[in-house]
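Student: What follows is a structure written as structure tokens; I'll ask about it next.
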Amino acid sequence: MQRKQNQDSNNLSSFSKDYFMSYVDTLLQLPDEKRKLNEGEIVSLCSEFLSAGTDTTSTALQWIMANLVKYPHIQVKLFEEIIGVVGVGEKEVEEDLQKMPYLEAVILEGLRRHPPGHFVRPHSVTQDVVLDGYITPKNTIVNFMVAEIGRNPNVWEDPMEFKPERFLNKNGDGDGGEVFDITGSSEIKMMPFGAGRRMCPGYGLAMLHLEYFVANLVWSFEWKAAEGDEVDLSEKQELSTVMKNPLKARPSPRD
Ligand code: HEM
């Protein structure tokens, strides 16, 4: 960090030519308000960024892959969508992720049915609030039951089923239909990333990572349960809500 600061101040052009913008750079370049961030704050922001952003995404990825192994017809449908867009070949799937509505539906269904966090951080109300006839007095701590919201039978049909189709429009192509609003700004039917001002700032990156990993894993390999093993969707509460019996899968390269 110190080296980067010195290099910036010495304006070493040979270094900057090869330099990639990192998260630390963005912190060092924050516009000065009253003071610069100190080193302890930068370290703590980096650590928060890593801890909030890795466990959650890898847990979500494992749940999604588990469902694709458990329900091969969904994996086949996803694979067909991927090859319909990018064909078969050596390059990786990246540019075309936006053209894959079923892929997005699979990710959203994974986050609805198995949100890595069953609660958001505790929030509190800054003034008395009356909701549905119930009063929540000022300063009350409020917890949101994220998993229960996404599994509410009054909102979701067959909520415990893994059905990505529920996120597609009637034509099943994702075109022209309503795009699901994961930020919950119009309505909240699920909130795996929270909602409102303190919503997860990494949700765009997380969605991109999940789409990228799932698309490439399914494009390159066919995934089946390991010999003699059945995918068990029981949950276990750790830092995130993880698979009690982690996924054991057998990938075979696609021909
Ligand atoms: C599937 C992946 C992810 C899920 C499900 C997830 C979920 C959440 C949730 C539920 C919150 C709390 C929101 C609230 O209190 O209302 C949160 C906060 C946060 N997330 Fe994520 N997250 C994910 C990925 C990421 C990534 C990739 C990053 C960063 C690269 C990240 C950074 C953060 C940070 C810094 C906070 C705290 C924000 C604050 O308190 O203002 N998350 N996340």
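Student: Which far-off residues, 5 or more places away or on another chain, put their amide H under 5 Å from the one on residue 145, with H placed in the peptide plane?
Tutor: Those lying under 5 Å, H to H, from residue 145: there are none.
Student: Right, something else. Please find the FRET efficiency linking residue 138 to residue 250, where r is the Cβ-Cβ separation and R0 is fixed at 41 Å, and quote it to the nearest 0.05.
Tutor: 0.15
Student: Bin by bin, in steps of 5 Å, what percent of the Cα pairs in segment 74-202 do you find, going until the bin that has the longest distance?
Tutor: Taking every Cα pair in segment 74-202, the percentages come to 2, 9, 15, 19, 18, 13, 10, 6, 4, 2, 1, 1.
Student: Under the Karplus relation 6.51 cos²θ - 1.76 cosθ + 1.60, θ = phi - 60°, what is the ordered set of whole-Hz ³J(HN,Hα) values for segment 43-48, x standing for Gly and Pro?
Tutor: Each residue of segment 43-48 in turn: 4, 5, 5, 5, 5, 5 Hz.
Student: Sequence-distant or interchain residues sharing an amide H contact under 5 Å with residue 250, placed H: which?
Tutor: When sequence neighbours closer than 5 places are left aside, the close amide H contacts are 224, 225, 226.
Student: Let me know the volume per residue of the alpha-carbon convex hull for the chain, in Å³.
Tutor: Here the figure is 197 Å³ per residue.
Student: Let me ask something else. P(r) for segment 128-255, please, calculated from all Cα pair distances in 10 Å bins and given in %.
Tutor: Binned Cα distances yield the sequence 9, 25, 38, 20, 6, 2, 0.
Student: How big is segment 80-141 by the Kirkwood estimate over distinct Cα pairs, in Å?
Tutor: Over segment 80-141, the inverse of the mean reciprocal pair distance is 15.8 Å.
Student: In addition: If R0 is 51 Å, what FRET efficiency do you get for residue 186 and residue 27 from their C-beta distance, rounded to 0.05?
Tutor: The pair residue 186/residue 27 has a calculated efficiency of 0.95.
Student: Please list the equivalent ellipsoid semi-axes of segment 32-145, computed as the square roots of five times the alpha-carbon gyration tensor eigenvalues, in descending order and whole angstrom.
Tutor: Its equivalent ellipsoid spans semi-axes of 38, 25, 14 Å.
Student: Moving on. Where the centroid of each part is defined by its Cα atoms, how far is segment 202-255 from segment 58-137 in Å?
Tutor: Computed from Cα coordinates, the inter-centre distance equals 12 Å.
Student: For the chain, calculate the relative contact order in percent as a whole number, restricting contacts to Cα pairs under 8 Å that are 6 or more residues apart.
Tutor: 21 percent
Student: Amide H to amide H under 5 Å from residue 36: which residues, 5+ apart in sequence or cross-chain, H placed 1.01 Å off N in plane?
Tutor: none
Student: Using packing as a proxy for protection, rank 204-216, 106-118, 238-250 so that the peptide with the highest average count of other Cβ atoms within 10 Å comes first.
Tutor: 106-118, 204-216, 238-250
FYI, it's all coordinate maths here, none of it is from the lab. Since the structure is predicted, the reported quantities are computational estimates derived from the model, not experimental observations. Please note: Cβ atoms are built from the backbone with ideal geometry, for glycine as well, and neighbour counts cover all protein chains shown.
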